[in-house]
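Accompanying notes for the structure given below.
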Amino acid sequence: MTYDDLVTRIAHQTGLHSDVVKKVLYRLPDALLELPVGDDVRTPLGVFRMTKRHERPITLPDGETQAVVAQRTAVKLKAGARLQSNS
């Protein structure tokens, strides 16, 4: 399925114009990125949670060189029942 197919299907099922559906899908990540670290929001898709990954050292493939992976924050999704297949 392509993005346009998804938008068309959602627009048809909701009765909303496809432009509205595209705007909502486009802005969803922006809204989720405003979550404070450790906070979550429950949706029909599942639970979105803002997490913080601390800086950590790694060894590069040459086996000797050390590097540091910078800290970062990211939104993670724990899929809800509606996104899980029962097959």
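Just so it is clear, none of the values below were taken in a lab; they were calculated from the coordinates. What you see is a predicted model; the values in this text were computed from it and never measured.
A few notes on this one:
- Mean Cα-pair separation over length for the chain, i.e. relative contact order, pairs under 8 Å, 6 or more apart, %: 22 percent
- Taking a straight line from the alpha carbon of residue 23, these lysines sit under 25 Å away, with near neighbours fewer than eight places off in the same chain left out: 76, 78.
- With Cα atoms, 0 to 90° folded angle of helix 18-32 axis to the chain main axis: 30 degrees
- Computed over the chain, the per-residue total of -39500 (n - 2.57) for DSSP H runs of n ≥ 4 gives a 222 nm mean residue ellipticity of -10000 deg cm²/dmol, rounded to 500.
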